[in-house]
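Okay, so here's the structure we're looking at.
Just so it is clear, none of the values below were taken in a lab; they were calculated from the coordinates. Nothing here was measured: the structure is a model prediction, and the numbers come from that model. Cβ: placed from backbone, ideal geometry, glycine included. Neighbour counts: every protein chain shown.
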Amino acid sequence: MDEALILQKLDALSNEIQSLKTGMVAELRKDMLPISQTTGPLVADCLSELDQEHRREDLVHFMRNMVLNVETLNSLLSTVKGAMELKNEMEPIAKQVLPRITDLFADLDGQYDLDEVAALLRNTLTNVHHFNTAITMLKSGMELKDDIEPMAKLLLPRIIELFQEMDGQYDVEEMATLLRNTLSNMHHFNTAITLLKSGMELKDEIEPIAKLTLPKVIEFIGEMGGMLTVAGTALESLKGCKFSPAQAEAMSNVIRSIDLSKPNKIGPVGALKKLYDPKIQEALGVVFMMLEAMGSMVQAHRDNK
């Protein structure tokens, strides 16, 4: 492209920009003229009072900073405007609350320490995240409350009736002790819940094995039913053999006196003599009674086979 044509277009663009600028300045002057006519005398009076030159320089510097930082000033004015609007909303509440707060501090005069109040405020501000966590837990609890409320409406009347029926049958101090122990051992409950959770997870793994082995165990117990009945009857008979503390101590002393390292040698003649010993005779009576019972059991098994 021809350089002369480029220069011509640049000159035309420059002239257009200059004309636009001139028009904007003219419009701005036109808008500012009423304002300048009103504020001009005031500014002139202010400047006339500034008899020192450095004050004029300060004013010029101030005006220049205002123009250069107009965006910051706008933001500041918006903030101030919002604070004033909030002030207008808070003013009715403050007029009601402030007298009560003043009366409260007047009543508490000398009953509180400003250092403790400052420490409380410091702890509050430094633990805001804990308060956020607590509020989150409270929100979850309120959501859970909506689920529990129908159940509570059913259970609460029953619980009230239960406490009315048990009136005088329990001690409030013991209840408080139980509650205190429960709260102080909360970590043990957490451990128990963790174990329960692990057990439930283990239950999912054991369940297939249990489904295979349980029928076999049930079948085995069914087959062993007769033997278990006999064993239960024998245990029931043994349960009737009660020993007093004196009897138990005497029998224990007899057992302690047995020394298997030095047994006495007894021949046929000695065995016949021992048969006349009352203790041996009672022991033989017990042995033959057991043998007779065993024989009766064998006969009952054979007859009812």
Got a sec to turn the phi values of segment 163-169 into Karplus ³J(HN,Hα) couplings, 6.51 cos²θ - 1.76 cosθ + 1.60 with θ = phi - 60°, whole Hz, x for Gly and Pro?
5, 5, 5, 8, 4, x, 9
Need the C-alpha centroid separation for segment 160-190 versus segment 78-94, integer Å.
51
Mind listing the phi-derived Karplus ³J(HN,Hα) values for segment 189-194, rounded to whole Hz, using 6.51, -1.76 and 1.60 with θ = phi - 60°, and x for any glycine or proline?
5, 4, 5, 5, 5, 5
Work out the FRET efficiency for Ser261 and Val217 from their Cβ-Cβ distance, taking R0 = 45 Å, and round it to the nearest 0.05.
0.45
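What Kirkwood radius, in Å to one decimal, follows from the Cα pairs of segment 110-167? Don't jump to the answer; show the numbers that get you there.
Values: mean 1/r = 0.0653 Å⁻¹.
Final number for the Kirkwood radius of segment 110-167 is 15.3 Å.
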Work through the residues other than Arg180 whose Cβ is under 15 Å from its Cβ and net out their charges, Lys, Arg +1 and Asp, Glu -1.
-3
Derived scalar couplings ³J(HN,Hα) [segment 264-277; Karplus, 6.51 cos²θ - 1.76 cosθ + 1.60; whole Hz; x for Gly, Pro]
7, 8, 10, x, x, 5, x, 5, 5, 5, 5, 5, 8, 6
Can you give the FRET efficiency for Lys81 and Glu27, using 1/(1 + (r/R0)^6), R0 = 30 Å, r = Cβ-Cβ distance, to the nearest 0.05?
0.60
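Quote the FRET efficiency, to the nearest 0.05, computed for Glu207 versus Glu165 with a Förster distance R0 of 41 Å and r equal to the Cβ-Cβ distance.
Details: r = 41 Å, r/R0 = 1.00.
Efficiency computed from Cβ-Cβ geometry: 0.50.
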